[in-house]
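Asker: A single structure is presented below for examination.
Bear in mind that the values in this text are calculations on the coordinates, not laboratory data. A quick note: this is a predicted structure, and the numbers were derived from the prediction, not measured. Heads up, the Cβs are rebuilt from the backbone with ideal geometry, glycines too, and the neighbour counts pull from every protein chain shown.
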Amino acid sequence: PSPARLTNALRLVADHLDDIIIAAPLVAAAPSVRAVGPHAEAMARVEIGDSRIPAGYRLRRSDADEVFRTLAVEPVVDRRHNPGLDNGHVESIIATCCMILGVMRRLDLDSIGVTAGDSQESDRQEAS
């Protein structure tokens, strides 16, 4: 995608998050944010460079920025060779980066938790 399209995608995420914050202002004051699901896991795996995501993993904003900048300029054929990125996410990883980074920027987060596997299990572990 062109730089203008990437900028627009990041702005779109921020605009939608603004709509959510208008409806639920406490969202902006969340003490921490966690990303769950296969797309968030894919981004974490690329940053880590491995298929295993450690328990309690936090993706730092500076690392999310680096992953985004690196992947955004790679053609799909080259992107496939990134350690930790499986073929099922090669086409969607840029959009994932835009979503996660857009949220981190809008909420001014230094990091975001990424939960691998069953998010309900992680909720139970955090509660105990």
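Asker: Find the all-direction average of the projected area of the Cα convex hull for segment 1-126, expressing the result in square nanometres with one decimal place.
Answerer: Working: hull surface 30.8 nm².
Projected over every direction and averaged, the Cα hull of segment 1-126 covers 7.7 nm².
Asker: Take every Cα pair under 8 Å in the chain that's 6+ residues apart, average their separations, divide by the length, and report that relative contact order as a whole percent. Could the numbers behind the result be given before it?
Answerer: Values: 141 pairs, mean separation 50.8, N = 128.
Here the relative contact order equals 40 percent.
Asker: Could you give me the ³J(HN,Hα) list for segment 40-48, computed from phi with Karplus coefficients 6.51, -1.76, 1.60 and θ = phi - 60°, whole Hz, x at Gly and Pro?
Answerer: Values, residue by residue: 5, 4, 4, 5, 4, 5, 5, 5, 6 Hz.
Asker: Mind giving me the nanometre distance, one decimal, between the label points for Asp65 and Ile20, set 7 Å out from Cα along Cα→Cβ?
Answerer: Going from the Asp65 label point to the Ile20 one covers 2.2 nm.
Asker: Which of these, Ala72, Ala30, Ala44, has the largest mean-square fluctuation under a Gaussian network model of the chain (Cα springs below 10 Å)?
Answerer: Ala30
Asker: Okay, moving on. Running a GNM on the chain with Cα contacts under 10 Å, which residue among Thr96, Thr70, Thr115 ends up with the highest mean-square fluctuation?
Answerer: Thr70
Asker: Calculate for the chain the 222 nm mean residue ellipticity that helices alone would give, adding -39,500 (n - 2.57) per DSSP H run of length 4 or more and normalising by residue count, nearest 500 deg cm²/dmol.
Answerer: -17000 deg cm²/dmol
Asker: I would also like to ask the following. Near the amide H of Val33, under 5 Å away, which other amide H atoms are found, from residues 5 or more places off or on another chain, if H is placed in the peptide plane?
Answerer: Gly113
Asker: Highest GNM mean-square fluctuation, the chain, Cα pairs closer than 10 Å: which of Asp65, Asp19, Asp50?
Answerer: The residue with the greatest mean-square fluctuation here is Asp19.
Asker: Evaluate the relative contact order of segment 23-91 (contact order divided by residue number), counting alpha-carbon pairs under 8 angstrom at least 6 apart; express in whole percent.
Answerer: 39 percent
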